[in-house]
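A short write-up of the structure that comes next.
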Amino acid sequence: MARVHNFSAGPAVLPEEVLAQAAAEMLDWRGSGQSVMEMSHRGKEFVSIAQQAESSLRELMGIPSSYKVLFLQGGASLQFEMVPLNLLRGQPSADYVNTGEWSRKAIKAAGAFCNVNLAATAEDRNFTYVPAPADWRLNPEAAYVHYTANETIGGVEFNRIPETGDVPLVCDMSSNILSRPVDVSRFGLIYAGAQKNIGPAGLTIVIVRDDLLGKGQPPPAAMMNYKTHADADSMYNTPPTFAIYVAGLVFHWIRKNGGVAALEQKNAAKAALLYDYLDSTDFYRNPVAKEDRSRMNVPFTLRDSSLDEEFLKGARARGMVQLKGHRSVGGMRASIYNAMPVEGVAALVEYMKEFAARRG
Ligand code: PMP
């Protein structure tokens, strides 16, 4: 069967080249006579795979040497808890910005560990925009400021890095990491689940500034302590070896394709293709403020929601899958991560036009 255009929000489409290479190396990784899945994580083959993945990521994101890169498990959801456990450093409160479903989950998790100061919220307009940083009520005594760079469900994305002075900035970049250049030195900590722009589910990337390590008060249990993983080069226990290997292949693919800056151009063009069409018709609608629209996740509704099932069925028949919106918002959502080719977005827009002409 031909491969589909997969608009899933995650786990999501991976570059076909990467899958082909992983398949070609499945039984014998580069003359080792083994699959990566079968290797000891402490053997020299796998250690070289992990080191290469880390150095590629450092190069792609320009990660300063004063930051550790950790390859963890537990998803971004575990980071909702590891962040307060490690970064409160004995302080009673942290600032959070609420831009939608994922920030809300992070806030709820943090509430078990500290006073959460809601520095800003987009609730008044149903989470369809990013509150202007000038209006944030930041607490200068906060242990850190947390925000979600891209709301995967609502389709709201920050276009700028907030300014928080000396208070460490913490960011959930799960659904837009590597989609645009970012200045890592502006952050205390960045985390991201891998299953959107990086690789297979099961791997979570944490990038953390050295001075924030080992300050959890009381010290977190070993597995919950970033320092444990940093001191052990992410091999305190068995890491998700195959996921790290595939992530390394994806990093290589990004480098070969011009790096993150080149990807940003492609992502901006793909998103424009879809939003320009959405704005040209009243058959479909995207509720997000134009300047805050996500380049990665594009939710939209049909004017007549009774046509949703027919729309999805027609899309599937044309090889376009996973367009159903999140259960909490309904409608449709097209996730167009790094690995989604422009042809996929063009095919979707063509189909949307055709469907609107037929049923409008
Ligand atoms: N944050 C964001 C922005 C997400 O999109 C997701 C997953 N869709 C999560 C956190 C939770 O990630 P995980 O399922 O890896 O715990």
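We did not get these values from a lab; they are worked out from the coordinates using the rules stated. Keep in mind the model is a prediction, meaning the values are calculated, not measured. When we count neighbours, we look across all protein chains shown, and the Cβ atoms used for this are built from the backbone with ideal geometry, even at glycine.
Identify which of 319, 43, 188 has the largest mean-square fluctuation in a Gaussian network model of the chain, with springs joining Cα atoms closer than 10 Å.
With Cα springs under 10 Å in the chain, the top fluctuation among 319, 43, 188 is at 43.
Going down the table (266/313; 105/256; 290/324; 68/215), which pairs top 26 Å between alpha carbons? It would help to have the intermediate numbers written out before the result.
Details: 266/313 28 Å; 105/256 36 Å; 290/324 22 Å; 68/215 15 Å.
In this structure, 266/313; 105/256 lie more than 26 Å apart at Cα.
Using label points projected 7 Å from each Cα along Cα→Cβ, tell me how many nm separate residue 105 and residue 328, to one decimal.
0.8 nm
Residue-wise, which Karplus ³J(HN,Hα) couplings in Hz belong to region 26-43, taking 6.51 cos²θ - 1.76 cosθ + 1.60, θ = phi - 60°, and x for glycine or proline?
Each residue of region 26-43 in turn: 4, 8, 8, 6, 6, x, 7, x, 9, 7, 4, 4, 9, 7, 5, 5, 9, x Hz.
First measure r as the distance between the Cβ atoms of residue 272 and residue 34, then evaluate 1/(1 + (r/R0)^6) with R0 = 35 Å and state the FRET efficiency to the nearest 0.05.
Numbers: r = 45 Å, r/R0 = 1.29.
The calculated FRET efficiency here is 0.20.
For region 259-359, report the translational diffusion coefficient in µm²/s to the nearest whole number, using Stokes-Einstein at 20 °C, 1.002 mPa s, and a Kirkwood Rh over Cα pairs.
Details: Rh = 13.9 Å.
For these conditions, the coefficient is 155 µm²/s.
Within the chain, what's the longest stretch lacking GluC sites (Glu not before Pro) that sit in DSSP loops with no more than 13 other Cβ atoms inside 10 Å?
Working: sites that count: 141, 163.
Formally, the longest exposed-site-free interval is 164-360.
Taking region 274-339, which trypsin sites (Lys or Arg not before Pro) meet the DSSP loop condition and have no more than 13 other C-beta atoms within 10 Å?
Details: sites: 285, 290, 293, 295, 303, 313, 316, 318, 324, 327, 333; in loops: 295, 303, 318, 327.
The qualifying sites are 303, 327.
Under the classification rounded if a/c is under 1.5, otherwise prolate if a/b is larger than b/c and oblate if not, where does region 13-101 fall, given a ≥ b ≥ c as square roots of the Cα gyration tensor eigenvalues?
Values: a/c = 2.43, a/b = 2.06, b/c = 1.17.
Prolate, since a/c reaches 1.5 and a/b exceeds b/c.
Taking only Cα atoms and a 10 Å spring cutoff, compute GNM fluctuations for the chain and point out the largest among 142, 347, 334.
With Cα springs under 10 Å in the chain, the top fluctuation among 142, 347, 334 is at 347.
Give a quick list of trypsin sites (Lys or Arg not before Pro) in region 113-186 that DSSP marks as loop, anything other than H, G, I, E or B, with at most 15 other Cβ atoms within 10 Å. Intermediate results must be reported in sequence, preceding the final value.
Numbers: sites: 125, 137, 160, 186; in loops: 137, 160.
Answer in residue order: 137, 160.
Using every alpha carbon pair in region 245-291, what percent of pairs falls into each 10 Å bin from 0 up to the bin containing the largest distance?
Each 10 Å bin holds this share of Cα pairs: 22, 34, 22, 19, 1.
What is the gain in length, in nm to one decimal, between residue 210 and residue 291 on full extension, counting 0.36 nm per residue of separation less the C-alpha to C-alpha distance? Could you put the intermediate results ahead of the total?
Working: separation 81, 0.36 × 81 = 29.16 nm, distance 3.40 nm.
The residue 210-residue 291 span can extend by a further 25.8 nm.
For the chain, compute the orientation-averaged projected area of the C-alpha convex hull (one quarter of its surface), in nm².
Values: hull surface 72.4 nm².
Result: 18.1 nm².
Can you work out ³J(HN,Hα) from phi for every residue in region 48-55, in order, using Karplus 6.51 cos²θ - 1.76 cosθ + 1.60 and θ = phi - 60°, giving whole Hz and x for Gly and Pro?
Using θ = phi - 60°, the values come out as 5, 4, 5, 5, 5, 4, 5, 5 Hz.
Give me a comma-separated list of calculated 3J(HN,Hα) values for region 228-240, in order, Karplus coefficients 6.51, -1.76, 1.60 applied at θ = phi - 60°, integers in Hz, x for any Gly or Pro.
Result, rounded to whole Hz: 4, 6, 5, 5, 9, 6, 6, 10, 4, 10, 5, x, x.
Say each of residue 281 and residue 1 gets a label point 7 Å from the Cα, pointing the same way as Cα to Cβ; how far apart are those two points in nm?
Once both label points are built, they end up 2.6 nm from each other.
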